[in-house]
Amino acid sequence: MLDIKGLTRRFGSKTAVDKITFSVAKGEVVGFLGPNGAGKSTSMRMIAGVLEPDEGDVLLDGHSIVSNRRDAQASLGYLPEGAPLYLDMTPPEFLRFVGSARGMEKSALGGAVDRVTADARIHSVSSQTIRSLSKGYRRRVGLAAALIHDPPVLILDEPTDGLDPNQKRAVRALIARMAPQKAIVISTHTLEEVPAMCSRAIVVDQGRMIADETPEGLAALATDGGGLEAAFRDLTDQSVEAAA
Amino acid sequence: MSSLAEALRGFRATYAREIGAYFGAPIAYVFIIVFLLAIGLFTWEMAGFFETGSADLAPFFAWHPWLYMVFLPALAMRLWADERAGGTDELLLSLPVRMPGLVLGKFFAAWTVAAVALAFTLPMWITVNALGSPDNAAIALTYFMSLLMAGAYISIGAAISSLTSSQVTAFVLSVVVAFLFTVAGWPLVLSGVADVAGTGMAEAVARFSFLTHFEGAQRGVLELRAVVFFVGVIALFACLNGLWATRKRLG
């Protein structure tokens, strides 16, 4: 579903993303982990076709994001960091805009808006403008927009960042419901979410992939048996030392 | 046909979204009301609409370039700067659409607001008909060219709006560029250019003046070169707009 091959991006002399390569199959939920500034968002923006890679390619459902961007983007639902939305619209207006910009027919649009409104549980705020919504609802509207065309691949950048525990649970439940039908990549720096949501965890640091494990396998990497958090600390500290 | 539809995918959604943003908030109404007040003030107080003694709209149309120069950048400044400030440009770039649909959707939405404002000045046309017998074909032509010129100012403003995330910066820069395009035909400017760069350069500069190209229309003359000029300016800045709005892809 999603094939990432040698994805590389430099900003000036700094290599923000360095030859990242992995594949995600249908039914997999991959946690994309790393400290702030590790290159998570840059990678996701390249996968979404928002930023051009310097080297490498991404295949979304077989379509190259470099040579066939629009077909690739048609296969992808993307939630950018911070879930940017048009604040002056109501959620249904916003969802209709995204669906129509994606080329959905009017006849299909109404059903799709109803479906994602139900999936994301945002029915109760349908008549409010997005400006008046809480962070949790806004994030769910962003998720609903990413799902409007029922894409086979989902890229979610920090979908639970800044949410309270109840909101986090709601977003996690939504992702769990979708998981069997899609290939999903979720970036996060909240490690507690990894076992709760993901079937696989990839750790990046300073632009490079330093681990690709199951959550349990990742926790087992900790030298002192301290679990996921210790493993994460060990891995990312090491590479800081190696770079220094 | 299908390739055109493909190129313009996203046009309808963008146009509808922008029209909603203009008319769903006070922006469009404030713009239209203040524009009408200003054009009324200039036409009556500054140009002496009733004192000229002739039933035509010359004192009204004479102010159009000058008012557009300030007002239309205010209308266009939010088109792209707002997307960047709110991060929604990220969303737009992730959609499987080509740039022309987005650029033209936004451009035509702003142009529509300008056209509505211009339509509200039609009572003046009716008034001169009540007062005398003006050349209505000439007035219709001037209206048409004025609308076309408004499109050129909006295209400039929209393109510059894609260079910054600050609406204020977009507005100020657009007014400066619009001012240069407007006054390029002024004798004051031309003699300055002629002193520095020679008369050949001054003539070249004059060819880019909005004032010069609007002059024929004000006399009721349809000049093909003026139509081509304004359409060309719209097209040129629409292309720049597309380039500038996608440069984020390059990082």
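The values are calculated or read from the model by the stated rules, or taken from the named source; none is laboratory data. Predicted model only: the values in this text are computed from it and were never measured. Neighbour counts run over all protein chains shown; Cβ positions are idealised from the backbone, glycine included. SASA here: full protein model, heavy atoms, side chains in, ligands and nucleic acids out. Shrake-Rupley method; radii C 1.70, N 1.55, O 1.52, S 1.80 Å.
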>> Just the residues that are touching a residue at least 12 places away in the same chain (Cβ under 8 Å), part of a helix (DSSP H, G or I) and more than 21 Å from the chain's Cα centre (by Cα), please, taken from the stretch A:114-155.
In response: A:Val125, A:Ile130, A:Arg131
> In the stretch A:50-61, what residues are at the interface with chain B (Cβ under 9 Å from one of its Cβ atoms) and either polar (S, T, N, Q) or buried (at least 20 other Cβ atoms within 10 Å of the Cβ) (or both)?
Replying inline: A:Val50, A:Leu51
> Picking from B:Thr88, B:Thr127, B:Thr121, B:Thr112, which residue would you name as being under 22 Å from B:Ser165 (Cβ atoms) and of a type in the set (S, T, N, Q)?
Replying inline: B:Thr88
> Looking at the stretch A:14-42, which of its residues are of a type in the set (Phe, Trp, Tyr) and out of contact with any helix residue (DSSP H, G or I) (no Cβ under 7 Å at 6 or more places or on another chain)?
Replying inline: A:Phe22
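Looking at A:Ala179, A:Ala183, A:Ala196, which is the one that is without any contact (Cβ under 8 Å) to a residue 40 or more places away in the chain and among the small types (Gly, Ala, Ser)?
Values: A:Ala179 fails: without any contact (Cβ under 8 Å) to a residue 40 or more places away in the chain; A:Ala183 fails: without any contact (Cβ under 8 Å) to a residue 40 or more places away in the chain.
One residue alone meets the criteria, A:Ala196.
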> Restricting attention to the stretch B:229-251, which residues are surrounded by fewer than 15 Cβ atoms within 10 Å (Cβ to Cβ) and either under 12 Å from the mean Cα position of the chain (by Cα) or of a type in the set (Ser, Thr, Tyr) (or both)?
Replying inline: B:Val231
> Does A:Asp161 fit the bill of being out of contact with any helix residue (DSSP H, G or I) (no Cβ under 8 Å at 6 or more places or on another chain) and outside any loop (DSSP other than H, G, I, E, B)?
Replying inline: no
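Taking the stretch B:144-168 as the region of interest, how many residues are farther than 19 Å from B:Phe35 by Cβ and buried (at least 24 other Cβ atoms within 10 Å of the Cβ)?
Going through the stretch B:144-168, the residues farther than 19 Å from B:Phe35 by Cβ turn out to be B:159-160, B:162-166, B:168.
Keeping just the survivors that are buried (at least 24 other Cβ atoms within 10 Å of the Cβ) gives B:159-160, B:162.
Summing the residues that are farther than 19 Å from B:Phe35 by Cβ and buried (at least 24 other Cβ atoms within 10 Å of the Cβ) in the stretch B:144-168 gives 3.
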> Being more than 24 Å from A:Ala38 (Cα to Cα), buried (at least 18 other Cβ atoms within 10 Å of the Cβ) and either within 14 Å of another protein chain (Cβ to nearest Cβ) or among the charged types (D, E, K, R) (or both), is that true of even one residue in the stretch A:129-139?
Replying inline: yes
>> Only one of A:Ile186, A:Ile175, A:Ile148, A:Ile155 is buried (at least 19 other Cβ atoms within 10 Å of the Cβ) and touching a Phe, Trp or Tyr at 6+ places or on another chain (Cβ under 6 Å). Can you tell me which?
In response: A:Ile155
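Filter the stretch A:191-208 down to residues that are among the hydrophobic types (A, V, I, L, M, F, W, C) and over 15 Å from A:Ala231 (Cβ atoms) and give me whichever is surrounded by the most Cβ atoms within 10 Å (Cβ to Cβ).
Filtering the stretch A:191-208 down to residues among the hydrophobic types (A, V, I, L, M, F, W, C) leaves A:191, A:194, A:196-198, A:201-204.
Remaining after also requiring over 15 Å from A:Ala231 (Cβ atoms): A:196-197.
Working: A:Ala196: 15, A:Met197: 24.
Filtering the stretch A:191-208 for residues that are among the hydrophobic types (A, V, I, L, M, F, W, C) and over 15 Å from A:Ala231 (Cβ atoms), the one surrounded by the most Cβ atoms within 10 Å (Cβ to Cβ) comes out as A:Met197.
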>> Against the conditions (1) farther than 30 Å from A:Gln128 by Cβ; (2) assigned to a helix (DSSP H, G or I); (3) in contact with a strand residue (DSSP E or B) (Cβ under 8 Å, 6 or more places away or on another chain); (4) within 12 Å of chain B (Cβ to nearest Cβ), where does A:Ala16 fall short? Just the number, please.
In response: (2)
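Here is a check on your reading of the model: is A:Ala72 closer than 30 Å to A:Lys19 by Cα and either within 9 Å of chain B (Cβ to nearest Cβ) or without any contact (Cβ under 8 Å) to a residue 24 or more places away in the chain (or both)?
On the way: closer than 30 Å to A:Lys19 by Cα: yes; either within 9 Å of chain B (Cβ to nearest Cβ) or without any contact (Cβ under 8 Å) to a residue 24 or more places away in the chain (or both): yes.
Judged against the criteria, A:Ala72 is a match.
Is it true that B:Ala204 is within 27 Å of B:Gly10 (Cα to Cα), small (Gly, Ala, Ser) and assigned to a helix (DSSP H, G or I)? Give the derivation first.
Details: within 27 Å of B:Gly10 (Cα to Cα): no; small (Gly, Ala, Ser): yes; assigned to a helix (DSSP H, G or I): yes.
Against the criterion (within 27 Å of B:Gly10 (Cα to Cα), small (Gly, Ala, Ser) and assigned to a helix (DSSP H, G or I)), B:Ala204 does not qualify.
Okay, residues lined up against (1) part of a helix (DSSP H, G or I); (2) without any contact (Cβ under 8 Å) to a residue 60 or more places away in the chain; (3) not β-branched (Val, Ile, Thr):
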position: B:Ile139; (1), (2), (3): yes, no, no
position: B:Ser146; (1), (2), (3): yes, no, yes
position: B:Ala152; (1), (2), (3): yes, no, yes
position: B:Ser155; (1), (2), (3): yes, no, yes
position: B:Leu173; (1), (2), (3): yes, yes, yes
position: B:Val176; (1), (2), (3): yes, yes, no
> Within the set of pairs 6+ apart or on separate chains, which have a first residue in the stretch B:78-94 that is more than 10 Å from chain A (Cβ to nearest Cβ), a second that is of a type outside the set (S, T, N, Q) and open to solvent by 10 Å² or more (accessible area, probe 1.4 Å), and C-beta atoms under 6 Å apart?
Replying inline: B:Trp80/B:Ala245
> Out of B:Thr169, B:Thr164, B:Thr142, which single residue is of a type outside the set (A, V, I, L, M, F, W, C) and over 30 Å from B:Glu83 (Cβ atoms)?
Replying inline: B:Thr142
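Before we move on, is A:Met46 assigned to a loop (DSSP other than H, G, I, E, B), open to solvent by less than 50 Å² (accessible area, probe 1.4 Å) and within 13 Å of chain B (Cβ to nearest Cβ)?
Numbers: assigned to a loop (DSSP other than H, G, I, E, B): no; open to solvent by less than 50 Å² (accessible area, probe 1.4 Å): yes; within 13 Å of chain B (Cβ to nearest Cβ): yes.
For A:Met46, the condition - assigned to a loop (DSSP other than H, G, I, E, B), open to solvent by less than 50 Å² (accessible area, probe 1.4 Å) and within 13 Å of chain B (Cβ to nearest Cβ) - is not met.
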> Counting only residues that are surrounded by fewer than 17 Cβ atoms within 10 Å (Cβ to Cβ), among the aliphatic types (A, V, I, L, M) and assigned to a helix (DSSP H, G or I), how many does the stretch A:62-108 have?
Replying inline: 1
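Kindly indicate which of A:Lys26, A:Lys40 is out of contact with any Ser or Thr (no Cβ under 9 Å at 6 or more places or on another chain), among the charged types (D, E, K, R) and more than 8 Å from every other protein chain (Cβ to nearest Cβ).
Numbers: A:Lys40 fails: out of contact with any Ser or Thr (no Cβ under 9 Å at 6 or more places or on another chain).
One residue alone meets the criteria, A:Lys26.
Kindly indicate which of B:Leu91, B:Leu141 is farther than 17 Å from B:Leu36 by Cα, touching a strand residue (DSSP E or B) at 6+ places or on another chain (Cβ under 9 Å), among the hydrophobic types (A, V, I, L, M, F, W, C) and crowded, with 17+ Cβ neighbours inside 10 Å. Full working, then the answer.
Values: B:Leu141 fails: touching a strand residue (DSSP E or B) at 6+ places or on another chain (Cβ under 9 Å).
Unique residue meeting the criteria: B:Leu91.
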